[in-house]
Amino acid sequence: MEIKEKTFKVFIKPNSKKNEISGFDKDRDGYLIKIKAKAENNKANIELIKFLSKIMDAPIKIKLGLKSREKLIEVVPK
């Protein structure tokens, strides 16, 4: 699955077996993403940023939702 938007919503499932985009939730209008890291000490956020930056080949930042499983992600221009 490929993400093409510059700003998009994600729903995180931390402590998963692997990092992956598992689908798109049409009702909530966001991508479902599994992250290996636990949701403690900002580990899941850091892992999410690394994962999305790698697959999108662009720097990203979490615009909203640092302490929530629902986050708004923004692709930062290079």
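Any read-out appearing in this document is the output of simple, stated calculations on the displayed coordinates, not a laboratory observation. Only a predicted model underlies this, so the values are computations on that prediction, with no experimental measurement involved. Note: ideal-geometry Cβ built from the backbone for every residue, glycine included; neighbour counts use all protein chains shown.
Observations on the structure shown:
- Treating r as the C-beta distance of Lys61 and Asp27 and R0 as 22 Å, the FRET efficiency rounds to 0.30.
- Charge dipole of the chain about the Cα centre (unit charges at C-beta), most positive-ward option of Ile49, Leu64, Phe24: Ile49
- Largest first, the extents of the alpha carbon coordinates of segment 7-75 on the three principal axes equal 27, 24, 21 Å.
- Separation between Cα centres of segment 58-76 and segment 4-30, rounded to whole Å: 11 Å
- Taking segment 1-33 and a reference point 7 angstrom along Cα→Cβ of Ser68, the backbone N atoms nearer than 18 Å belong to 7-14, 25-33.
- Sum of -39500 (n - 2.57) over DSSP H runs of 4+, divided by residues of the chain (222 nm, nearest 500): -6000 deg cm²/dmol
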